[in-house]
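Q: Below you'll find the structure I mean.
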Amino acid sequence: MNRALAEVSLFGVIVIGCLLVVLYAQRVRAEASPDGGYAAERRLGFGLGDAKAAAVRWTTTTNHREIGMLYIAFGTVAAIWGGIDAMMMRTHLLTPEANIWTEQTYNELFTMHGLTMLIFFVTPVFFGIGNYFLPLLIGADDMAFPRLNAVGFWLLPPSLLLARLGIVAEVTGAVLAVVVPTDWLSVLLAFQEPAIGWTMYPPLSLAPNPQTNFLLLGLHLSGIATTIGAINFITTVIYERDESIGWANLDIFSWNMLVTSAIIIFVFPLLGTALLMLLFDRNFGTTFFAVEGGGPILWQHLHARHECDHHLRVPVARDCSTHVAVRSELRDDVLRS
């Protein structure tokens, strides 16, 4: 069974199903309300001009709420992609022999599931929530750097494409092989998703596979985008607060975004540097992580895996704490009334 075609087919089915649900929900909202009237008059047609206007609006917006929704939408797409990887891994374990996929395919799924969910799902979704609510909570009109905020988001789609270029090239090559001689597709067929584990420890990550180079570039680009967002959050909290909001009465959500962004500024430049060093080892003959040089253990120190985990745990605690605080305030209001 061709793993790439199966994964892309599943991804397409899920995305189309989600779009159909959205269209059905819009149609239901346009139907008559229970009292016999209509909630609002709306135009159901959607022409080419409307599509162009919507594309221009969403690709050029600097509004913090719209960028927050873009972050969440991007994270949702990445979650679907990474979730399919996880589902295929579990499918592999259905039989005692674990022979549905090959060992190489299972390692590829394990590698890309971890990186997709960690870098392209969890972090963008947390940033999307922060983008949407932080300026509202501190009384700011927008983020401190609205255009830089948009740039930080739009660096993520190409970084995801670079990181998952192996499966894109594999599917493209398989489709074109139907009408094009295989010899012409040697470049596309040379790509395959890395099977090195999501921690990318050397010497596995030094194995010859051109897609690993693109994976490292994509991860480095996503790190730049995350660092830009973190700088924007810190500047917004410090300089864009309303005059009535000081450090003493700053809410826990804003404090948490400030702490998370500070951790990111310490972690991601270090991780980006390690990725470039690994890229140099692979392509320019350096020995940062080779046995005769710095050694594979150096990668484990620079990879900052635990710090990356912490910068993801803090937002989870933030959301839980915010939910508890809001519920407590609502309960107190009810008891007082």
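The values are calculated or read from the model by the stated rules, or taken from the named source; none is laboratory data. Because the structure is predicted, anything quoted here is derived from the model rather than measured. Cβ atoms come from the backbone with ideal geometry, glycine included; neighbour counts cover every protein chain shown. Heads up: the accessible areas ignore ligands, DNA and RNA and are worked out on the full protein's heavy atoms, side chains in. Shrake-Rupley method; radii C 1.70, N 1.55, O 1.52, S 1.80 Å.
Q: Can you pull out the residues in segment 150-191 that are of a type in the set (Asp, Glu) and buried (at least 17 other Cβ atoms within 10 Å of the Cβ)?
A: Within segment 150-191, the subset of a type in the set (Asp, Glu) is 170, 183.
Result: Glu170, single match.
Q: On to the next question. How many of the residues making up segment 155-191 are under 30 Å from His64 (Cα atoms), assigned to a helix (DSSP H, G or I) and touching a residue at least 60 places away in the same chain (Cβ under 8 Å)?
A: Residues meeting the conditions: 5.
Q: Would segment 173-191 turn up any residue that is within 30 Å of Trp247 (Cβ to Cβ), acidic (Asp, Glu) and more than 20 Å from the chain's Cα centre (by Cα)? Walk me through it before giving the result.
A: Start the filter on segment 173-191 by keeping residues that are within 30 Å of Trp247 (Cβ to Cβ), which leaves none.
No.
Q: Restricting attention to segment 89-108, report how many residues are surrounded by 20 or more Cβ atoms within 10 Å (Cβ to Cβ) and either assigned to a loop (DSSP other than H, G, I, E, B) or modelled with pLDDT of 90 or more (or both). Give the derivation first.
A: First pass over segment 89-108, keeping only residues surrounded by 20 or more Cβ atoms within 10 Å (Cβ to Cβ): 105, 108.
If we keep only those that are either assigned to a loop (DSSP other than H, G, I, E, B) or modelled with pLDDT of 90 or more (or both) too, we end up with 108.
Result for segment 89-108: 1.
Q: Give me the pairs, please: first residue somewhere in segment 73-98 and without any contact (Cβ under 8 Å) to a residue 60 or more places away in the chain, second residue anywhere and part of a loop (DSSP other than H, G, I, E, B) and open to solvent by 20 Å² or more (accessible area, probe 1.4 Å), beta-carbon distance under 8 Å, and either six or more positions apart or on two chains.
A: Short answer, once both residue conditions are applied: Thr91/Ile100; Thr91/Trp101; His92/Ala98; His92/Ile100; His92/Trp101; Leu94/Ile100.
Q: Here's something else I'd like to know. What number of residues within segment 45-75 are open to solvent by 70 Å² or more (accessible area, probe 1.4 Å) and of a type outside the set (A, V, I, L, M, F, W, C)? First the steps, then the outcome.
A: Looking only at segment 45-75, we keep the residues that are open to solvent by 70 Å² or more (accessible area, probe 1.4 Å), and these are 46, 48, 52, 56-60, 65, 69.
From the residues that got through so far, the ones that are of a type outside the set (A, V, I, L, M, F, W, C) too are 52, 57, 59-60, 65.
Adding up the residues that qualify gives 5.
Q: Name the residues in segment 192-211 that are open to solvent by less than 40 Å² (accessible area, probe 1.4 Å) and in a helix (DSSP H, G or I), would you? Working first, answer last.
A: Taking segment 192-211 first, the residues open to solvent by less than 40 Å² (accessible area, probe 1.4 Å) are 193-197, 199-200, 202, 205, 209, 211.
Correct list: Ser205, Gln211.
Q: Output the number of the condition that Ser261 fails; it satisfies all remaining conditions of (1) within 25 Å of Phe74 (Cβ to Cβ); (2) surrounded by fewer than 20 Cβ atoms within 10 Å (Cβ to Cβ); (3) of a type in the set (Gly, Ala, Ser).
A: (2)
Q: Can you tell which of Gly139, Gly130 is open to solvent by 40 Å² or more (accessible area, probe 1.4 Å) and in contact (Cβ under 8 Å) with a residue 60 or more places away in the chain? Reasoning before the result, please.
A: Working: Gly130 fails: open to solvent by 40 Å² or more (accessible area, probe 1.4 Å).
Just a single option satisfies the conditions, and that option is Gly139.
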